[in-house]
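First comes the structure, then the notes that go with it.
The values are calculated or read from the model by the stated rules, or taken from the named source; none is laboratory data. Everything numeric in this text was worked out from a predicted model, so none of it was measured. Here the Cβ positions follow ideal geometry from the backbone for every residue, glycine too, while neighbour counts run over all protein chains shown. Just the protein is used for accessible areas: all its heavy atoms, side chains included, with ligands, DNA and RNA removed. Shrake-Rupley method; radii C 1.70, N 1.55, O 1.52, S 1.80 Å.
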Amino acid sequence: MRKKIIAGNWKMNMTPSESVALVNELKPLVANEEVDVVFCVPAIDIIPVVEAAKGSNIQVGAENMYYEEKGAYTGEISPAMLTDAGVKYVVLGHSERREYFAETNETVNKKMLKAFEHGITPIMCCGETLEQREQGVTMDFIRQQVKVGFMGVTADQAKTAVIAYEPIWAIGTGKTATTEQAQEVCKGIRECIAEVYDEATAEAIRIQYGGSVNAATAPELFAQPDIDGGLVGGASLKPDFGKIVNYK
Ligand SMILES: O=C(CO)COP(=O)(O)O
């Protein structure tokens, strides 16, 4: 049985002081030992959020990370900086980073390998545009994202990874994919992992759905056999997130 993982992606919202207030507000609402609860937050919020989350079930993630150890990479954050600050997870290859910051399957792959090397669990995002869905190439596109993203990743590492299926047309639009659409693609991703690795790896890896998840849609989505939780944007900044975490 895979443990559900419900993660908030704060994106570029919340100053450090706002982040502490939000954690204090949400802390009692997201208490649930049956699921992994992760707050993925802007780099500058990591230290105050780790501090504010102490003693709770909230684990902290980053929204991005660079793939080099250290050096002359102005503006970047290294994996060692993240682990030293108490980070356990990192979102990699979010569609917003692919669109606005030139992330490619290849740079995502480098970051994936680095994250595993440092014991940080990657939440690797994939997902199609509306145009790709209409052209019927959704699964081809996602399979490529997954295959390249996981190049050189061992089966034991892959078993611990998280993949977030986020159809781009459903992000921030209020348009959640239907339960059937979300389940179908998450199942397809699991089949892709079984082809690249084996059944045991496919059974172990956790696959989230993301894209306009809210308290109303979460219960049905998370009840699907191949959906192991969610990556939640907008609703993770509100008390609604407590309802999503306690969807049962
Ligand atoms: O991109 C997302 C999470 O990473 C989804 O964002 P929304 O939940 O705001 O649609």
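Brief remarks follow.
- Verdict on Val213 being under 15 Å from Ile227 (Cα atoms), in a loop (DSSP other than H, G, I, E, B) and not aromatic (Phe, Trp, Tyr): yes
- Residue ID - least open to solvent (accessible area, probe 1.4 Å), chosen from residues in segment 238-248 that are over 17 Å from Thr176 (Cβ atoms) and touching a helix residue (DSSP H, G or I) at 6+ places or on another chain (Cβ under 8 Å): Gly242
- Inter-residue pairs, beta-carbon under 8 Å, first closer than 19 Å to Met151 by Cα and in segment 194-219, second of a type in the set (Ser, Thr, Tyr) and within 16 Å of the ligand (Cβ to nearest atom), 6+ apart: Ile207/Tyr165
- Scanning segment 212-232 for residues that are open to solvent by less than 20 Å² (accessible area, probe 1.4 Å) and near the ligand (Cβ under 10 Å from one of its atoms) yields a count of 4.
- When Gly174, Gly127, Gly152, Gly93 are checked against the criterion of being within 16 Å of the ligand (Cβ to nearest atom), open to solvent by 10 Å² or more (accessible area, probe 1.4 Å) and either free of Cβ contacts under 8 Å to residues at least 60 places away in the same chain or within 24 Å of Val41 (Cα to Cα) (or both), Gly174 stands alone in meeting it.
Conditions (1) among the β-branched types (Val, Ile, Thr); (2) open to solvent by less than 70 Å² (accessible area, probe 1.4 Å); (3) at pLDDT 95 or above, marked per residue:
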site: Asn9; (1), (2), (3): no, yes, yes
site: Thr15; (1), (2), (3): yes, yes, yes
site: Glu34; (1), (2), (3): no, no, yes
site: Ser56; (1), (2), (3): no, yes, yes
site: Gly75; (1), (2), (3): no, no, yes
site: Pro79; (1), (2), (3): no, yes, yes
site: Glu103; (1), (2), (3): no, yes, yes
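- Enumeration of residues in segment 104-157 that are touching a Ser or Thr at 6+ places or on another chain (Cβ under 8 Å) and either assigned to a loop (DSSP other than H, G, I, E, B) or over 23 Å from Met81 (Cα atoms) (or both): His118, Gly119, Ile120, Gly127, Glu128, Gln132, Ala155
- Note on segment 37-58: residues that are more than 16 Å from the ligand (Cβ to nearest atom) and part of a strand (DSSP E or B) amount to 1.
- Residue, farthest from Gly188 (Cα to Cα), within segment 233-248, restricted to residues that are in a loop (DSSP other than H, G, I, E, B) and away from the ligand (no atom under 14 Å from the Cβ): Pro239
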